[in-house]
Amino acid sequence: MDTQRRIKGSDSARLNDTDFKDALLMMVDDEPIMMELVQAFLEDEGYQRFISVEDPREAMAVLEKRRPDILLLDLVMPEISGFEILSQIRQHQEFAYLPVIVLTSSSDAPTKLKALELGATDFLAKPVDASELILRLRNTLALKAYLDQLAYYDGLTQLPNRKLFIDRLGWALQSAAVIAKQVAVLSIALDRFGQINESFGVQVGDRVLQAVTERIQEVVQSEEVVSSEDNSQCLARLGGDEFTALLPVLERPEEAAAIARKIINNLHHPFEINGQQLFVTASIGISLSPDDGHYPEQLIQSASSAMRHAKEQGKDLYRFYSSTINEQSRKRLALEGDLRQALANHQLELHYQPKVDIHTHQTIGMETLIRWVHPQKGMIPPDQFVPLAEELGLIVPIGSWILQQACLQTAQWTRAGLGALKVCVNVSGQQFKESDFPSRVTEALQQSGLQPQQLVIEITESMAMQDVQATIKVLKAIKQLGVGLSIDDFGTGYSSLSYLKRFPIDELKVDRAFIMEVPDNQDEVLIVQAIIAMAKALQLGVVVEGVETQEQLDFLKTTDSDVIQGYYFSKPLPAEAFREYVHQSLGNTPEP
């Protein structure tokens, strides 16, 4: 009840007489004695909050300022009639559904019909019967509470929804402007929440959201946060895994930062769901009035931009909104729109980095790398658009296109005399989890005519360990096709050796991070030697990435490495340049 003031939405789901009696009741009647009589009846019943308006010309101004839960309205008044006030109320956006009980001494049908047409909720005959007044008031408030719950609260968490949050934020901004204080909006989004739904199911995800709600409320509604001047703190759920919090009457921006830190720290403790511990982190964006917006939607949008910036900077942290973030957000939105059209407009192309036999220096294969040639912005690096494609759900169709194009191009080069090159295709986590991924591989091979042994599918170490049993199942299905399997970026994740033995893989790729400081850094030398030795013990091939200097190459020749790739031999090349590179290394003239 009392939709505009309630902080704990969960209370609305369990309304009782006490809740109803906290309602703010407004009466408009030119007869003060009648209002005093009605108020006396209701005070005896336990109602305590009243607004009495004797001059009907003031009714709308009082409504807008005080925002009652229900209105008792006399119809026959001088200057302005109850009909006119009722008409103004229903035309007002904020009060279109405000319950209005009409007080009338007239029992004729036309009067009642006109009041109903204008939107009256109920009638009470004058003189008012106390029992009837109490019953009708309670029933009307009960209906209002139910409708408010549907219209203003999230069904899962019982938190206010976006509509109610915007309403409360609007009032907080008005109040803050009067006393020259700031209002903060916190946009709170859980990090990688989709993985919980994918791994454990939507029901577990819903329970996590409910538990997260409680954790955030512990902070937002704590005594040190709730101001003595204004207790209108509000936590709302905007949808999915996104929450937003209203913190009114701030003295300094540091207060909002302190609250954001508390929320982040409070979420670090594991959640016990169905006997299993789950870990959740959040990224938080903070906007402040009036600098970041004068209106509710502006502040919400600014906080959301800052939240996305926090995610891009590493997650599990908070960031304040700034004009720089706003510009980045604008560019990102523009990039999103362009990326959605890039594949259809043939703006994506593949580059190929040679994979070279460490002993003969012969090119034995290549790794495919996606590039985006934007018509206005030119070449856009993968680290700027691949994460965006993953976030937008575009990485699966893009990944399928990469697989098809890589197979077609490699088959064409083989037919042209470049030899049986092996093409390595990196697969995203989303693409790998698709139930029909092995079928996609089969389709790409059949359409291109490429031999299965010429294709190598690469997945990252961390991807392989997300769901080990599912990974093994998919890898075995691909292996049965005769396709090679590689673990990319090995050494940067958290592989268990026991699991690694169960994966039907053919090679490990040593991440370039371990190669950058060899042979000068002895610790890195030992790590590289250990990884290579382990791979050989498991009878796996070894590919070393990021080789850029003669010294690195000389060191790797002292190990059991098999294949290397890096700028020492070649950067990633467009298709025609790669063909020329291989042609020169072979010393012959392949067919075009």
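Pairing each residue of region 464-475 that is in the same structural domain as Phe503 (by TED's automatic domain parsing) with any residue that is assigned to a loop (DSSP other than H, G, I, E, B) and of a type in the set (Val, Ile, Thr), provided the two are 6+ apart or on different chains, yields C-beta distances under 9 Å for Ala464/Ile505; Leu475/Ile505. Scanning region 135-163 for residues that are farther than 20 Å from Ile89 by Cβ and surrounded by 17 or more Cβ atoms within 10 Å (Cβ to Cβ) gives Gln149, Tyr153, Asp154, Thr157, Gln158, Leu159, Pro160, Asn161, Arg162. Annotation: of all residues in region 424-482 being among the hydroxyl-bearing types (Ser, Thr, Tyr) and more than 25 Å from the chain's Cα centre (by Cα), the one that is farthest from Gln412 (Cα to Cα) is Thr471. Leu299: part of a helix (DSSP H, G or I), out of contact with any Pro (no Cβ under 8 Å at 6 or more places or on another chain) and surrounded by 12 or more Cβ atoms within 10 Å (Cβ to Cβ), yes or no? Judged against the criteria, Leu299 is a match. Is it the case that some residue within region 74-81 is more than 26 Å from Gln174 (Cβ to Cβ) and among the small types (Gly, Ala, Ser)? Within region 74-81, one or more residues are more than 26 Å from Gln174 (Cβ to Cβ) and among the small types (Gly, Ala, Ser). Across region 265-299, the number of residues qualifying as among the hydrophobic types (A, V, I, L, M, F, W, C), more than 14 Å from the chain's Cα centre (by Cα) and closer than 14 Å to Ala184 by Cβ comes to 3. Of all residue pairs spaced 6 or more apart or on separate chains, those with beta-carbon atoms under 7 Å, a first member in region 202-225 that is modelled with pLDDT of 90 or more and a second member that is basic (Lys, Arg) and in a helix (DSSP H, G or I) are Val219/Lys262.
Scan region 412-419 and give yes if some residue there is over 39 Å from the mean Cα position of the chain (by Cα), under 22 Å from Gly541 (Cα atoms) and in a loop (DSSP other than H, G, I, E, B), otherwise no. Among the residues of region 412-419, at least one is over 39 Å from the mean Cα position of the chain (by Cα), under 22 Å from Gly541 (Cα atoms) and in a loop (DSSP other than H, G, I, E, B), which makes the answer yes. Of the numbered criteria (1) under 21 Å from Lys65 (Cβ atoms); (2) assigned to a helix (DSSP H, G or I); (3) assigned by TED's automatic domain parsing to the domain that holds Ile300, the one Gln195 fails is (1).
Answer yes or no: is there a residue in region 325-348 that is crowded, with 16+ Cβ neighbours inside 10 Å, over 26 Å from the mean Cα position of the chain (by Cα), over 30 Å from Val185 (Cα atoms) and among the hydrophobic types (A, V, I, L, M, F, W, C). Yes, because at least one residue in region 325-348 is crowded, with 16+ Cβ neighbours inside 10 Å, over 26 Å from the mean Cα position of the chain (by Cα), over 30 Å from Val185 (Cα atoms) and among the hydrophobic types (A, V, I, L, M, F, W, C). Only a single item in (1) modelled with pLDDT of 95 or more; (2) over 21 Å from Thr111 (Cα atoms) is not met by Leu37, and it is number (1).
Considering only residues in region 357-406 that are charged (D, E, K, R) and outside any helix (DSSP H, G or I), the one that is surrounded by the most Cβ atoms within 10 Å (Cβ to Cβ) turns out to be Glu367. Checked against the criteria, Ser52 counts as at pLDDT 95 or above, surrounded by 15 or more Cβ atoms within 10 Å (Cβ to Cβ) and in contact with a strand residue (DSSP E or B) (Cβ under 7 Å, 6 or more places away or on another chain).
When Asp520 is evaluated against the numbered criteria (1) under 27 Å from Val356 (Cβ atoms); (2) under 35 Å from the mean Cα position of the chain (by Cα), which criterion, by number, is the only one it fails? The number of the failed condition is (2). Within region 407-436, the set of residues being crowded, with 21+ Cβ neighbours inside 10 Å and among the β-branched types (Val, Ile, Thr) comprises Thr410, Val423, Val425, Val427.
The values are calculated or read from the model by the stated rules, or taken from the named source; none is laboratory data. Please read all numbers here as calculations on a predicted model, not as lab measurements. Here Cβ is always computed from backbone atoms with ideal geometry, including for glycine, and neighbour counts include all displayed protein chains.
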